[in-house]
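Q: Okay, here's the structure, questions in a sec.
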There are 2 protein chains.
Amino acid sequence: MGTGGLSLSRDDAAQPPAAADGVEPVFTITDLAREFAVTSRTLRFYEDEGLLHPLRRGTTRLYSRGDRARLAWILRGRAVGFSLADIRDLLDMYAPGKARRPQLEAALGKSRERISALMDQRAAIDATIAELEHFCRTIEQKL
Amino acid sequence: MGTGGLSLSRDDAAQPPAAADGVEPVFTITDLAREFAVTSRTLRFYEDEGLLHPLRRGTTRLYSRGDRARLAWILRGRAVGFSLADIRDLLDMYAPGKARRPQLEAALGKSRERISALMDQRAAIDATIAELEHFCRTIEQKL
DNA sequence: AGTCTGCTTGACGTGAACGTAAAGGTGAGG
DNA sequence: CCTCACCTTTACGTTCACGTCAAGCAGACT
């Protein structure tokens with residue numbers, strides 16, 4: 001009994017479950033919150049905003065590997081400055097394989113816009129890094 | 001009279017003044033707002049927050065070249081995700097040449113932290129670009 | 001003199017992204 | 001049975017970065 005059941009007792013759920021015997025690992029909200037250094041409030045908020053859709057056992061949320069990967073995507077999107085609405089749109093584009101042609105073309109256009117904006121942003125970052133490094137060298141010389 | 005005086009009539013002030021005869025060019029708030037595609041409200045807000053300190057003629061703000069360069073810096077900082085408080089701190093570091101040693105060392109530390117955070121951010125951007133490009137290629141194949 | 005345009009200072013409103021109680025359900029352990 | 005730790009929803013509060021009137025002054029054109 002100790003190893004197989006999806007017990008979700010505190011001892012089991014505290015660490016990301018090790019998936020004994022090929023069972024899909026399942027994460028609690030606090031598992032993911034700790035792993036990604038966000039609060040559980042944030043995860044519930046993302047669900048309200050349609051970014052995550054974990055399963056439920058009763059009222060308790062159960063996050064799959066897919067949810068975990070999705071969360072990683074969300075947080076990286078956030079890190080590059082996307083709004084949550086942006087992220088939801090991008091995730092929606094990724095997901096369904098809606099093979100209707102105009103949909104695909106729209107997705108292609110939006111993606112390319114994003115890419116070019118990100119390249120501009122990277123240029124701004126490079127310039128800022130360069131200036132800060134120059135500033136550092138100036139200080140180092142004064143010491 | 002037509003060419004030399006710093007008249008600031010509408011016709012003169014509408015375009016960034018051409019600085020006839022080595023006179024420092026001066027910009028009005030709408031000059032800079034238009035040039036950088038922000039609102040005048042934004043410029044006043046940045047002044048309230050201590051990011052800009054334009055001169056005054058009466059109550060009217062007069063922006064110098066230095067103010068213009070400073071604004072460019074602010075907006076690039078904003079573009080890379082800095083908060084206005086972050087930007088103010090960085091500008092304060094740059095400015096005075098306060099050659100007290102502990103100040104310099106603190107500035108050096110903060111700068112290096114910023115640099116490393118920016119490099120992380122750039123890595124996130126590169127990864128996102130790569131994924132979006134892959135996504136684009138996938139779509140293109142379906143067409 | 002009157003009007004127009006642009007600049008000024010408050011002061012309140014807004015959207016995004018959560019924070020922070022409040023109030024309650026649920027299962028494991030003593 | 002009771003407590004404890006963790007989960008839930010509901011709902012109001014907060015910070016940031018401005019937007020949006022409101023009311024008024026100041027110089028230029030008619």
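Q: When you check B:Phe82 against the structure, is it under 30 Å from A:Gly109 (Cα atoms) and not in a helix (DSSP H, G or I), yes or no? Full working, then the answer.
A: Numbers: under 30 Å from A:Gly109 (Cα atoms): yes; not in a helix (DSSP H, G or I): yes.
Considered against the rule, which asks whether it is under 30 Å from A:Gly109 (Cα atoms) and not in a helix (DSSP H, G or I), B:Phe82 comes out as yes.
Q: B:Val80 fails exactly one of the following numbered conditions: (1) in contact (Cβ under 8 Å) with a residue 12 or more places away in the chain; (2) more than 10 Å from every other protein chain (Cβ to nearest Cβ). What is the number of that condition?
A: The number of the failed condition is (2).
Q: Would you check which residues across the range B:128-143 are more than 7 Å from chain A (Cβ to nearest Cβ) and not charged (D, E, K, R) and list them?
A: B:Ala130, B:His134, B:Thr138, B:Gln141
Q: Just a yes or no: is a residue in the range B:75-89 in contact with a Ser or Thr (Cβ under 6 Å, 6 or more places away or on another chain) and at negative phi? Walk me through how you get there before you give the answer.
A: Initial filter on the range B:75-89 (in contact with a Ser or Thr (Cβ under 6 Å, 6 or more places away or on another chain)): B:80.
Those still in the list that are at negative phi too: B:80.
Scanning the range B:75-89, I find at least one residue that is in contact with a Ser or Thr (Cβ under 6 Å, 6 or more places away or on another chain) and at negative phi, so the answer is yes.
Q: Related question: For A:Thr128, which of the numbered conditions (1) exposed (fewer than 13 other Cβ atoms within 10 Å of the Cβ); (2) more than 18 Å from the chain's Cα centre (by Cα); (3) hydroxyl-bearing (Ser, Thr, Tyr) fails to hold?
A: The number of the failed condition is (1).
Q: Shifting gears a bit: Taking the options B:Ala106, B:Ala123, name whichever one is more than 7 Å from every other protein chain (Cβ to nearest Cβ) and modelled with pLDDT under 95.
A: Numbers: B:Ala123 fails: modelled with pLDDT under 95.
Unique residue meeting the criteria: B:Ala106.
Q: Looking only at residues that are out of contact with any strand residue (DSSP E or B) (no Cβ under 8 Å at 6 or more places or on another chain) and touching a residue at least 24 places away in the same chain (Cβ under 8 Å) in the range A:22-34, which one is farthest from DNA strand D (Cβ to nearest atom)?
A: Here the answer is A:Glu24.
Q: Another question, then. What's the number of the only condition in (1) within 12 Å of DNA strand C (Cβ to nearest atom); (2) surrounded by 17 or more Cβ atoms within 10 Å (Cβ to Cβ); (3) farther than 24 Å from A:Leu118 by Cα that A:Tyr63 fails to meet?
A: Result: A:Tyr63 passes all but (1).
Q: Another question about this same structure. Return the pair list, or none, for Cβ contacts closer than 9 Å from residues in the range A:124-143 that are touching a residue at least 24 places away in the same chain (Cβ under 8 Å) to residues that are among the aliphatic types (A, V, I, L, M) and surrounded by 14 or more Cβ atoms within 10 Å (Cβ to Cβ), at least 6 apart or on different chains.
A: Pairs that qualify, where the first residue is touching a residue at least 24 places away in the same chain (Cβ under 8 Å) and the partner is among the aliphatic types (A, V, I, L, M) and surrounded by 14 or more Cβ atoms within 10 Å (Cβ to Cβ): there are none.
Q: Moving on to the next point. Determine which member of the set B:Arg88, B:Arg112, B:Arg41, B:Arg68 is modelled with pLDDT of 95 or more, surrounded by fewer than 15 Cβ atoms within 10 Å (Cβ to Cβ) and away from chain A (no Cβ under 11 Å).
A: B:Arg41
Q: Before we move on, is A:Leu6 in contact with a strand residue (DSSP E or B) (Cβ under 9 Å, 6 or more places away or on another chain) and at pLDDT below 95?
A: yes
Q: Another question, then. From B:Ile74, B:Ile115, which residue is touching a residue at least 12 places away in the same chain (Cβ under 8 Å) and either of a type in the set (A, V, I, L, M) or in a loop (DSSP other than H, G, I, E, B) (or both)?
A: Working: B:Ile115 fails: touching a residue at least 12 places away in the same chain (Cβ under 8 Å).
Answer to the check: B:Ile74.
Q: Do we have B:Arg101 as on the phi < 0 side of the Ramachandran plot and within 7 Å of chain A (Cβ to nearest Cβ) here?
A: no
The values are calculated or read from the model by the stated rules, or taken from the named source; none is laboratory data. Note that this is a predicted model, so its numbers are computed, not measured. Methodologically, a virtual Cβ is constructed for each residue, glycine included, from the backbone with ideal geometry; neighbour enumeration extends over all protein chains shown.
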